[in-house]
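To keep things clear, I will list the structure first and then write my remarks on it.
Please treat every number below as a calculation from the coordinates, not as lab data. Since the structure is predicted, the reported quantities are computational estimates derived from the model, not experimental observations. Every residue, glycine as well, gets a Cβ built from its backbone with ideal geometry; the counts of neighbours run over all protein chains shown.
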Amino acid sequence: MQIGPIASHFIDGQYVEDKSGTPIPVIYAASGEQIATVYAATPAIVEQALESARKAQKIWAKMTGTERGRIMRRAADIMRERNYDLSVLETYDTGKPLQETLVADATSGADSLEYFGGLAGSLTGEHIPMGEDWVYTMREPLGVCVGIGAWNYPTQIACWKAAPALACGNAMVFKPSETTPLCALKVAEILHEAGLPAGVYNVVQGMGEVGGALVTDPRVDKVSLTGSVPTGKKVYAAAAADMKHVTMELGGKSPLVIFDDADVENAVGGAINGNFYSSGQVCSNGTRVFVQKGIKEAFLKRLAERVGNAVIGDPMDEAVNFGPMVSENQMNIVLGYMEKGKAEGARLICGGGRVDKEGWYLEPTVFADVTDDMTIAREEIFGPVMSVLDFNTEEEVIARANDTEFGLSAGVFTNDLSRAHRVIGALEAGSCFINSYNDAPVEAPFGGVKASGVGRENSKEAIKHFSQVKSVYVRMGDVEAAF
Ligand code: NAD
C-alpha cells in the first residue's frame, strides 16, 4: 500500500520535491505499516516557499474581497464533492475512524473556507466624523503568515488557518505536523484548482526546526500555531523577538462539571464526546470530570455501560467508532499516564491498557476517585483517559476547576439555568459549553485563556488576528501650528 503524495511540498502552485531533506516516514496507525515518505524542507525549500508567498501576497491583496471569496467558496465546494476521498486520506494520516472523518474533517475545512470566503467581500473600515474633518480606517492584511499544525486534525487545522488568512489578503506558508503530513497537500491542491494564484498558499514539510526557521524569518509577519504549551512558549518567544503577530492554539486540561440535577444520560454523552472522540486526541477535551456526590454512582454506572459499547477496530470500517492512537510514541505516552493513575491510587472503572490487536490501540479508560493532586488530573494526556473527581458545592468546584495553568474549555451540565450561566461565567476558559461538549462550529470563536493560548480561530474574531487597522486623519481646513 502506498498512499504517498506526488511530492513532499507544494510551493508556488505546484508540487516540489527535494530528497536531500531528512526522510519522514508516514505510518498508518491501524497497522503500523509505512504508507508514504516525505522529506523535510531544506533551507532552499524554505527560501522558495517564503519568496513565493511574499510575491504572491501582493497580487492576492490587490484582488477585491469578492474575488478572493469566490475562489475560497469554490474550493469549499470541491472539498465537499471529494469528501469521501479526503476522509479516507485523513484516516490514513491519523488513524481516526472513517465514521468520524466523513463528518468532521474535510467538511469542517469546507465550512471554514465557505464562511471566510463569504466574509471576504465585507471586510471594511470605518468612517469617523470629526466635525468638518474625518478619520477613515482601512483593514489591511498582515502580509506573509506562517501556519504550524498539530497531528490530530490535519485537514481542519490547515483550513482553519488558511481561510481567515486568505480572506484578509494574506499569503500563507503552512507546515503540517511531521506525524500527519499528507492532508494539507490536498488542501493546497484544491485551493489552486479553485483558482488561487500560485504562491498564496504553500505547504512545506518538516519537524520543529523547519517550523523554527519559518518563525524567525524576517519576511514573516504572523505565526499561527496549533500545538502543545511547551512548543507554544518557544514559538511565541521566537515570534516576539521581531514583534510578529501570533495566534496560539495550545493544550488543555479542561473541567466538565456535572451537578446532581443534570440529566444523567446527557451528562454521560457529554463526557464521552469530551473524552473519547478521536480516541481522546482533542485539545478541548473535558478530561477532569467533576461529578457532584449525589449523582456519582448513577453517572459511573451508565458511563461504564456506554463505554463498553465502543466499537474498536479497523478505522476504515464505518461501523467502528473508536480507532488507534496516532503513533506508537503517543500510545506509549498515554500508557505511561494510565500506569501513573493506577500507581497513584485512582480507581479504575474500565480500560487501562492496550487492546490486543496490531496497531496502536488503547482502551477507552475511566478512573474514578481521582484527586486534584494526581498526575492524571494535572497534566494533559491527549489520549482516551477520563478522570472523574467528586465534589460537594458549587463554590468548591469552581475553585478546583480553575486551579490549573490551562484555560482552553469548560462545560457544565445542570438543569438549573441560573447556575449554568453563573458557573460558566466563573470558569477560566475560552470555549465553553452548557449541557453539551466539544461543539466547534465555524461561526463561534475558538481558543483558550491562560497557558492554553492567545487569539481566537473561527468566527469574525479570527479576522482581527489576520489583519491590522490603518487609520487616516483627513483635514479639510488649514493647518494651525505654534510657529
Ligand atoms: P507539538 O507542540 O509537539 O507540535 C506542534 C507543531 O509544532 C508541529 O508541527 C511541530 O513540528 C511544531 N514545532 C515543534 N517545535 C517547534 C519549534 N521550536 N518551532 C516551530 N515549530 C515547532 O504538538 P503535537 O504533539 O503535534 O499536538 C498535540 C498538542 O497540540 C496537544 O497539546 C494539543 O492540546 C494541542 N492542540 C491544540 C489545539 C487547539 O486548537 N487549541 C488543537 C489541536 C491540538
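Just want the ordering: Y236, Y92, from fewest to most Cβ atoms lying within 10 Å of their own Cβ.
Sorted ascending by nearby Cβ count, the order is Y236, Y92.
Under 18 Å from a point 7 Å along the Cα-to-Cβ line of A426: which residues of region 247-288 have their amide N that close?
255-262
Please list 3J(HN,Hα) in residue order for region 24-31, calculated via the Karplus relation 6.51 cos²θ - 1.76 cosθ + 1.60 where θ = phi - 60°; whole Hz, with x for glycine and proline.
Once rounded to whole Hz, the list reads 10, x, 9, 10, 7, 5, 7, 10.
Rg and Dmax of the chain over Cα atoms: what are they, in angstrom?
23.5, 87
Please give, to one decimal in nm, the separation of the simple spin-label points placed at N392 and E328, each 7 Å out from Cα toward the Cβ.
5.0
Among residues other than G352 whose Cβ falls under 15 Å from its Cβ, what is the net charge (Lys/Arg +1, Asp/Glu -1)?
Taking every Cβ under 15 Å from that of G352, the sum is -1.
Among V311, N392, F322, which residue has its Cα furthest toward the positive end of the charge dipole of region 282-393, with +1 on Lys/Arg Cβ and -1 on Asp/Glu Cβ?
The listed residue farthest towards the positive side: N392.
Could you tell me which residue out of G345, L362, T404 lies farthest along the dipole of region 336-417 toward its positive end? Charges go on the beta carbon: Lys and Arg +1, Asp and Glu -1, centred on the Cα centre.
Value computed over the given set: L362.
Would you work out the charge dipole size for region 328-378 about its Cα centre, treating the Cβ of every Lys and Arg as +1 and the Cβ of every Asp and Glu as -1, and quote it to the nearest 20 debye?
Magnitude of the dipole: close to 40 debye.
So for each of 98-105, 382-389, 399-406, 276-283 I average, over its residues, the number of other beta carbons within 10 Å; can you give me the resulting order with the highest mean first?
382-389, 276-283, 98-105, 399-406
Distance between the C-alpha centers of region 224-295 and region 455-481? Whole Å please.
Comparing the Cα centres of region 224-295 and region 455-481, I get a distance of 33 Å.
Compute and list, largest first, the equivalent-ellipsoid semi-axes of region 403-449 from the alpha carbon gyration tensor, each √(5λ) rounded to a whole angstrom.
Ellipsoid semi-axes (Å, largest first): 18, 15, 8.
What helices does the chain have that are whole DSSP H segments, at least 18 Å long along their own axis by Cα, and with mean Kyte-Doolittle hydropathy of -1.0 or more?
43-62, 106-119, 154-167, 328-343
Any of K175/K234; K55/K175; K233/K340; K58/K233; K161/K244; K301/K357 with alpha carbons more than 21 Å apart? Name them for me.
Correct reply: K233/K340; K58/K233; K301/K357.
Taking the Cβ of A444 as the centre, find all other residues whose Cβ is under 11 Å away and add up their charges (Lys, Arg: +1; Asp, Glu: -1).
After counting each charged neighbour, the total is -2.
Tally Lys/Arg at +1 and Asp/Glu at -1 over every other residue whose Cβ is under 12 Å from the Cβ of N321; what's the total?
-2
For the pair N402 and I128, how long in nm is the line joining their label points, each one 7 Å along Cα→Cβ?
For the pair N402/I128, the computed spacing is 3.3 nm.
Place a +1 charge on the Cβ of each Lys and Arg in region 122-203 and a -1 charge on the Cβ of each Asp and Glu, then give the dipole magnitude about the Cα centre in debye, rounded to the nearest 20.
So the dipole magnitude of region 122-203 works out to roughly 400 debye.
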